[in-house]
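Colleague: One structure, pasted below without further comment.
The values are calculated or read from the model by the stated rules, or taken from the named source; none is laboratory data. As the structure is a computational prediction, the values presented were derived from the model and not from experiment. Reconstructed Cβ throughout: ideal geometry from the backbone, glycine too, with neighbour counts over all protein chains shown.
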């Protein structure tokens, strides 16, 4: 099977800090991969490199066999990679359903100057995504003061409305209470599996990683130091020492 | 699951009614006070330009140089009549709008790279450069004396000035309604909503695959065209164009009108323009040395008590009625 995303010899430094130091990896279709590692190890930088937010000094990012290295975020998004953020990035002046309708409209071409955003075609598709994410009941509510869990789900719903083939999630459970995190992840993973979306998520919570990831990649000082099934990786003393600090 | 969101057509109808009410007022006032016809025509010209400024404000962009395009529209009208011999009112309005739109597209391609104070100051700088050129290129533009604009024909018919003013007033009112409805439609489209989204979160918009610069260039070009149309109406209404049309105080007036009227709906710019021109006209009559102070106090009242502008007051009354 051909990888959906291949990264080769990826490098980027911020001053003396190497955030990507020769990263090589392949991600295959329908995988659900967790990226773990200590703070500052380059996990979010990797997502930024893959989505064009920052450009590598060396190396390449190949998506579905074509290079997306040095391309702008909007070009990469149009190619089929969507992203959800650690701090949810919402259009706070718009209601929840309008946020998702904008995403649906963006996927179909934003340059329609006279078709209203609230057009039935956009509304229907936005409703489908909101129902999948269990957000249907609050669809017309404002996004400005939503609880963090709902903000996370909305951020992911916006990304999913783009119908991506690869979704990058940055700490989907950060800021979410312990009681809510599994319910949140059940919803997200359920949708991603149903929609057959390949996903890569940065995570600090090892319970979440163990329960939901097919494969775990361990980051340290801008390098992938280990990779494999969660049962194997999370038992490695070397990994535990580097990631959690348990010796 | 079926959702019953706010009716788009209901909201559309409301704007239609509001614009029709404005149009009726704009045509009825001069019946009672005939000389107000000229004031209304000029107010619509300013309202069109202020609508362009209000659109930019929705995207968080403040242009304190948009009078540039009013001047481009006004001078384009004068040049088309003088140099090309174009003498038909509606053709002049169309050509002038196209010329201003093209200039907005060219300058906008540069402006779309900038945000916040840089956007505001660059617009101001370009408008002041244009003002200086208009003032100094005496042989071409007539310098500070400006250029005369003759009375155009209407559908090939030469009218005396009184009849022409009446036709211009009715045409301006009709244009106000049609243009405002088109802009309302645009602002409610994904492209228009993307403009508001830029104000809230430009990064997220880029991550939807949308070019924020493209969205800004589109609105900048449209706003320039609106200001140009306003400038053309002003030019034929007054019959004279001067460099002061591009001066920074004229740009400040457009921002003032947009804020005064409110940016949450297209009628706001015209409500602000009517209010501004009527207050200015009557204040200049009764207290000639203090009309600026009256407009200033009115603006302070709006900023403190009506942050959504005069149009926001209408919406507030409507919401209160809906609650009862």
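Colleague: Test each condition in (1) buried (at least 17 other Cβ atoms within 10 Å of the Cβ); (2) more than 8 Å from every other protein chain (Cβ to nearest Cβ); (3) touching a residue at least 40 places away in the same chain (Cβ under 8 Å); (4) within 22 Å of residue A:8 (Cα to Cα) for residue A:69 and report the one that comes out false.
Modeller: Unmet for residue A:69, out of (1) buried (at least 17 other Cβ atoms within 10 Å of the Cβ); (2) more than 8 Å from every other protein chain (Cβ to nearest Cβ); (3) touching a residue at least 40 places away in the same chain (Cβ under 8 Å); (4) within 22 Å of residue A:8 (Cα to Cα): (3).
Colleague: In the range B:201-208, is there at least one residue being within 14 Å of another protein chain (Cβ to nearest Cβ) and either touching a strand residue (DSSP E or B) at 6+ places or on another chain (Cβ under 9 Å) or closer than 25 Å to residue B:169 by Cβ (or both)? Spell out the reasoning first.
Modeller: Step one: filter the range B:201-208 for residues within 14 Å of another protein chain (Cβ to nearest Cβ), giving B:201-208.
Now drop any that are not either touching a strand residue (DSSP E or B) at 6+ places or on another chain (Cβ under 9 Å) or closer than 25 Å to residue B:169 by Cβ (or both), which leaves B:207-208.
Yes: the range B:201-208 contains one or more residues that are within 14 Å of another protein chain (Cβ to nearest Cβ) and either touching a strand residue (DSSP E or B) at 6+ places or on another chain (Cβ under 9 Å) or closer than 25 Å to residue B:169 by Cβ (or both).
Colleague: Quick one: residue A:188 ticks every box in (1) assigned to a helix (DSSP H, G or I); (2) at pLDDT below 90; (3) more than 25 Å from residue A:53 (Cα to Cα) except a single one, so which number is it?
Modeller: Among (1) assigned to a helix (DSSP H, G or I); (2) at pLDDT below 90; (3) more than 25 Å from residue A:53 (Cα to Cα), the lone unmet condition for residue A:188 is (3).
Colleague: Now a separate question. Hey, any hits in the range B:160-176 for a residue that's over 30 Å from residue B:303 (Cβ atoms) and not in a helix (DSSP H, G or I)?
Modeller: yes
Colleague: While we're looking at this one, here's another question. Within the range B:287-302, can one find any residue that is surrounded by fewer than 22 Cβ atoms within 10 Å (Cβ to Cβ), under 21 Å from residue B:180 (Cβ atoms) and at pLDDT 85 or above?
Modeller: no
Colleague: Which members of the range B:181-221 meet the condition of being in contact (Cβ under 8 Å) with a residue 40 or more places away in the chain and outside any helix (DSSP H, G or I)?
Modeller: B:188
Colleague: Mind checking which residues of the range A:102-115 are buried (at least 22 other Cβ atoms within 10 Å of the Cβ) and at the interface with chain B (Cβ under 8 Å from one of its Cβ atoms)?
Modeller: Within the range A:102-115, A:102, A:103, A:105, A:106, A:110 meet the criteria.
Colleague: Among the residues of the range B:266-286, which ones are buried (at least 16 other Cβ atoms within 10 Å of the Cβ) and either out of contact with any helix residue (DSSP H, G or I) (no Cβ under 8 Å at 6 or more places or on another chain) or outside any helix (DSSP H, G or I) (or both)?
Modeller: Of everything in the range B:266-286, just one residue is buried (at least 16 other Cβ atoms within 10 Å of the Cβ) and either out of contact with any helix residue (DSSP H, G or I) (no Cβ under 8 Å at 6 or more places or on another chain) or outside any helix (DSSP H, G or I) (or both), namely B:266.
Colleague: Can you find even one residue in the range A:163-174 that is surrounded by 20 or more Cβ atoms within 10 Å (Cβ to Cβ) and under 16 Å from residue A:91 (Cα atoms)? Break it down stepwise before answering.
Modeller: Let us first name the residues in the range A:163-174 that are surrounded by 20 or more Cβ atoms within 10 Å (Cβ to Cβ), namely A:164, A:166-173.
From what is left, the residues that are under 16 Å from residue A:91 (Cα atoms) are none.
No: zero hits.
Colleague: Please enumerate the residues belonging to the range A:210-224 that are within 8 Å of residue A:34 (Cα to Cα) and touching a helix residue (DSSP H, G or I) at 6+ places or on another chain (Cβ under 6 Å).
Modeller: Answer for the range A:210-224, where residues must be within 8 Å of residue A:34 (Cα to Cα) and touching a helix residue (DSSP H, G or I) at 6+ places or on another chain (Cβ under 6 Å): A:213, A:216.
Colleague: Something else about it: In the range A:124-139, how many residues are at the interface with another protein chain (Cβ under 7 Å from one of its Cβ atoms) and under 14 Å from residue A:102 (Cα atoms)?
Modeller: To start, the set of residues in the range A:124-139 that are at the interface with another protein chain (Cβ under 7 Å from one of its Cβ atoms) comprises A:127, A:131, A:136, A:139.
Cutting the leftovers down to under 14 Å from residue A:102 (Cα atoms) gives us A:127, A:139.
Final tally of qualifying residues: 2.
Colleague: While we're looking at this one, here's another question. When you look at residue B:178, is it over 29 Å from residue A:100 (Cβ atoms), free of Cβ contacts under 8 Å to residues at least 40 places away in the same chain and within 14 Å of another protein chain (Cβ to nearest Cβ), yes or no?
Modeller: Yes, satisfied.
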